[in-house]
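Have a look at the structure below before the remarks.
Read-outs: derived from the displayed coordinates by stated rules, not from any lab. All values reported here derive from a predicted model rather than from experimental measurement. Reconstructed Cβ throughout: ideal geometry from the backbone, glycine too, with neighbour counts over all protein chains shown.
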Amino acid sequence: MKNEPVISLPAECSTRDVARALGLTARFVREMAEQGELRGWKTPGGRWRIARESVMSWLELRQLCVPGQPAAPGGPAGDAEGGLSCEIVLRPRRFPQRVLLIEDSAHFQTLVKLLVGHEFPQVDLHVADDGIDGLVMAGRLEPDVLIVDILLPGIDGAALVGRLRWHPLFQSCQFIVITSLDKESRAPYAFALAGVSVMHKTKLVQDLPSLLDRALALPDAR
């Protein structure tokens, strides 16, 4: 276990404690608590407190930690309920995580760069201007998350997503599709995009941070 990352959490954690330990944003942790994915409660001052055991359960369910590990030598022990240690051994993950954006619009390239740089400074972001270059870069980088526009020069973005999703090399990749098409216009692509997060470009600023946060937190996103 010496080379595996270890995090320490108090019995009652703030959203910032959990976010810092897991490499997420405090906003995403708060949303998880609000949606019941993490067991928590609000203080009289309106701040969330998350039970450490709930974080452990969330990690174990997604196979992101080594279950049932004792406290590391010299680490805090004995204050965990139900025999759970206050130190959590995480399974190794690639760091920094890689995100590949395939988008031909310079405007939206810049917007995504700004959002990722501000919300996810730890992420290694790469950008491809068209589908052909994107396909080559995807094979070389093996990104953790792939953000793709449906309408791309040189290749059908939906077909690209459909092809990569079933390729063995990308079984661990999470996909996010961005598009200027409305729901009705996206109907021809429904089969290729089934089960994929799809976001309209007009909502990119509001929706991308939470979608990317969730994609990076999933176990398949190395």
What is the distance, in nm, between label points placed 7 Å from the Cα along the Cα-to-Cβ direction at residue 105 and at residue 60?
4.5
Compare the peptides 160-169, 120-129 by average per-residue count of other Cβ atoms within 10 angstrom and give them in order, highest first.
120-129, 160-169
Determine the gain in length on full extension of the stretch residue 132-residue 118; use 0.36 nm per residue of separation and subtract their C-alpha separation, reporting nm with one decimal.
2.2 nm
Heads up, region 111-222 by the C-alpha gyration tensor (a ≥ b ≥ c square roots of eigenvalues; a/c under 1.5 rounded, else a/b over b/c prolate, else oblate) looks rounded
For a quick check: with amide H placed at 1.01 Å from N, whose amide H comes under 5 Å from residue 97's, ignoring anything fewer than 5 positions away on the same chain?
124
For peptides 25-33, 43-51, 105-113, 143-151, sequence by mean Cβ density within 10 Å, most packed first
143-151, 25-33, 105-113, 43-51
Is region 95-134 rounded, prolate or oblate when judged by the Cα gyration tensor, a ≥ b ≥ c being the square roots of its eigenvalues, rounded requiring a/c under 1.5 and prolate requiring a/b larger than b/c?
oblate
Under 5 Å from the placed amide H of residue 199, counting only residues 5+ away or on other chains, we find 177, 178, 179
What FRET efficiency comes out for the pair residue 182/residue 155, r = Cβ-Cβ distance, R0 = 30 Å, nearest 0.05?
0.85
